[in-house]
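A short worksheet on the structure shown next.
What follows draws every value from the coordinates through simple rules; no lab data is involved. The structure displayed is predicted, hence computed values, not measured ones. Every residue, glycine among them, receives a Cβ derived from its backbone with ideal geometry; neighbour counts consider all protein chains shown.
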Amino acid sequence: MGVTEDKIREFEELRDNLLTMGGEKAVQKQHDRGKLTARERVDLLFDKGTFQEVQLFVKHRSALFGMDKKEIKADGVVTGFGKVNGRTVFVASQDFTSSGGSLGEMHAKKICKVMDMAMDAKKPFIALNDSGGARIQEGVPSLEGYGGIFYRNTIGSGYIPQIAVMMGPTAGGAVYSPALTDFVFMVKETSHMYITGPDVIKAVIGEEVSHEDLGGAIAHATKSGVCHVATESDEDCLNKVRDLLSYLPDSCHSPLPVKECTDSPDRECPELDTIVPDRAARGYDMKKIIMSVADNNEMFESHELWARSVTVAFIRIMGKPVGVIANNPKFSAGVLDYKASDKAARFIRFCDAFNIPLLTFADVPGYMPGTEQEWAGIITHGAKLLHAYSEATVPKITVDVRKDYGGAYIGMCSKSLGADYVMAWPTAQIAVMGAEGACNIIYRKEISGAEDPEAKRKELVAAYEKKFNNPYFVAELGIVDEIIAPRETRKRIVALLETFKDKVEVRHPKKHNNIPL
Ligand code: HXC
């Protein structure tokens, strides 16, 4: 009995020592920077008391790397699983207080272990990143460690949801694990991501830039699009991660999570009848339409600050998640530029991989013209959007709200790209191009030869608008399935999603598509 008690005491001492991480001073330094520790973050992420640690006792191979005297508790990363809103999720949380959370051979093996467990268990994986990068003393085995993580990020892609949460520095090749995940969250001021930091940039190209301007949350949320969600603090960030998880299934083979719905399937949205401005050139906020049709007017927006002419968001309809892609005329008239095309395409592919139906709201003047766009590759990037919609086999519902012109009309999930049902509001204008542009081309001779060319042009434009800039012409052709009153939109979407819930689309057997990257 005595022996057993001794053994248990010894175990508890060893365990409790490992749980102290880098020690009081290092923990205080972490707090002084406005950052939580790896363990505090894990506690906030998971439902109280549900976290189960994996491989706490793992150590680096000190003799091999000349670090005999260096103790790195839990080798600088807390790994395990627990429940988020009652559902199992795996985590690796890097401990900056222990050797800067640097990634050595065994640290990487711990992360790979929980990634493998997540894939075997078919559950989401979350990385809470806070690390000085590859553990310098360990050299190439650290790089191999990163390789193993990148490999698992890739083979897990489309199989389980993966979320990278940036809560400290990430430099060099280490940024590529987050980039391979589905969603990247960052904390303002305390998280930074870059391939080379400000000092190297200054030395190599003479450019001066701060850490925050180069690779902070706002830089990546507004300029590069690397960051999907920019957050205010560690607490705010982890709350938002929990919220996102509530929309995601455990894996591509798992059912969609269903939240009890307190909203009505028959709810009308009278506010939508007047949301589209009378003047075609006027903007409005598409998010109001999205929230109006969503259960309890709730949505989770991804990439809110990047490529804002398109909005992508998760909503619920009768408790089930739906992915929304919508032009937002509040920004650049809702145009499709190369960034907006990428943003929408990536979101569509995520939703399709995880069986989340797609709901598209179109109000698009076209693809953005100009040398900047052409040289940035709007052709290739725009093609990704076409590819993503065409490839998607989930239910696809499209609502044409207002402008829907030219190639961009197809790009916003026309019937020809496989939309299961297309509805148009009476305000919809579906055409090859706007009336002005069309008349200037097809009636050039009539206009220039007229006694009063301007009066003639106006007359022809008005006639063209009457004939083509409405949804009736395309409804007559069956290209739009139904014209609906805006207030009925939610009711119709509820009925369609219910109707298509068992949709199965079989494609040619092949290895995989070759999306134009
Ligand atoms: C080993 C490291 C480390 C690293 C930090 N530490 N980074 N140990 N390898 N990469 C240790 C420090 O020695 C120190 O240990 C503790 O972590 C805290 O570090 P400080 O420098 O005191 O902290 P701070 O002032 O906050 O600075 C943080 C930092 C800085 C900016 C991250 O530590 C730093 O510049 N680190 C090196 C970054 C780097 O160059 N990494 C390699 C990148 S290459 P003690 O024992 O004193 O507490 C890379 C390749 C990946 O990552 C490729 C993947 C394909």
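Miscellaneous remarks
- Euclidean distance of C-alpha centroids, the stretch 156-229 and the stretch 361-397, integer Å: 25
- If you count Lys pairs in the stretch 291-429 whose Cα atoms are under 18 Å apart, skipping same-chain pairs closer than 8 places in sequence, the total is 11.
- Taking the longest Cα principal axis of the chain as reference, the axis of helix 378-391 is set at about 80 degrees.
- Overall, the anisotropy analysis places the stretch 178-311 in the oblate class: the square-rooted eigenvalues a ≥ b ≥ c of its C-alpha gyration tensor yield a/c not less than 1.5, with a/b not exceeding b/c.
- Net charge of Cβ neighbours under 12 Å - reference LEU497; Lys, Arg +1; Asp, Glu -1: +4
- Residue-count net charge about LEU18 - beta-carbon cut-off 14 Å; Lys, Arg +1, Asp, Glu -1: -3
- A Förster radius of 25 Å combined with the Cβ-Cβ distance from ASP116 to LYS29 puts the calculated FRET efficiency at roughly 0.15.
- Antiparallel bridge percentage (DSSP; both residues within the chain; nearest 5): 35
- Once the Cβ-Cβ distance of TYR151 and THR393 is raised to the sixth power relative to R0 = 22 Å, the FRET efficiency obtained is 0.25.
- Exposure proxy ranking, count of Cβ atoms within 10 Å, fewest first, for TYR151, TYR389: TYR151, TYR389
- Tensor-based shape of the stretch 149-239 (alpha-carbon gyration tensor, a/c under 1.5 rounded, otherwise prolate or oblate): oblate
- For LYS466, a cut-off of 14 angstrom between C-alpha atoms picks up these aspartates and glutamates, skipping any fewer than 8 places away in its own chain: GLU436.
- Charge tally in the Cβ shell below 12 Å around ARG9, where Lys, Arg are +1 and Asp, Glu are -1, ARG9 excluded: -4
- When Rg and the Kirkwood radius Rh are both evaluated on Cα atoms of the chain, their ratio Rg/Rh stands at 1.05.
- GLU304 versus LEU143: modelled label distance in nm, points set 7 Å from Cα along the beta carbon direction: 4.0
- Computed label-point distance, nm, for sites VAL258 and ILE441 using a 7 Å Cα→Cβ extension: 4.9
- Antiparallel content of DSSP bridges confined to the stretch 52-162, in %, to 5: 60
- Which listed pairs, of LYS287/LYS511; LYS25/LYS113; LYS7/LYS109; LYS109/LYS188, have C-alpha distances above 32 Å, in listed order: LYS287/LYS511
- Over the residues of the chain, the helix contribution to mean residue ellipticity at 222 nm works out to -11500 deg cm²/dmol, using -39500 (n - 2.57) for each DSSP H run of at least 4.
- Spin-label model, VAL209 to ASN514: label points 7 Å out along the Cα-to-beta-carbon direction sit 3.4 nm apart.
- Sorting the segments 502-510, 136-144 by their mean number of nearby beta carbons within 10 angstrom, highest to lowest, gives 136-144, 502-510.
- Checking the Cα-Cα distances for LYS59/LYS83; LYS35/LYS122; LYS70/LYS122 against a 29 Å cut-off, the pairs over it are LYS35/LYS122; LYS70/LYS122.
- Crossing angle, helix 338-353 versus the chain [Cα axis fit, 0-90 degrees, rounded to tens]: 70
- Helix 234-245 and the longest principal axis of the Cα set of the chain meet at an angle near 60°.
- Linear extension gain, GLU232 paired with ILE195, 0.36 nm per residue minus alpha-carbon span: 11.0 nm
- Note on VAL504/ASP278: beta-carbon distance plugged into 1/(1 + (r/R0)^6) with R0 of 60 Å gives a FRET efficiency of 0.90.
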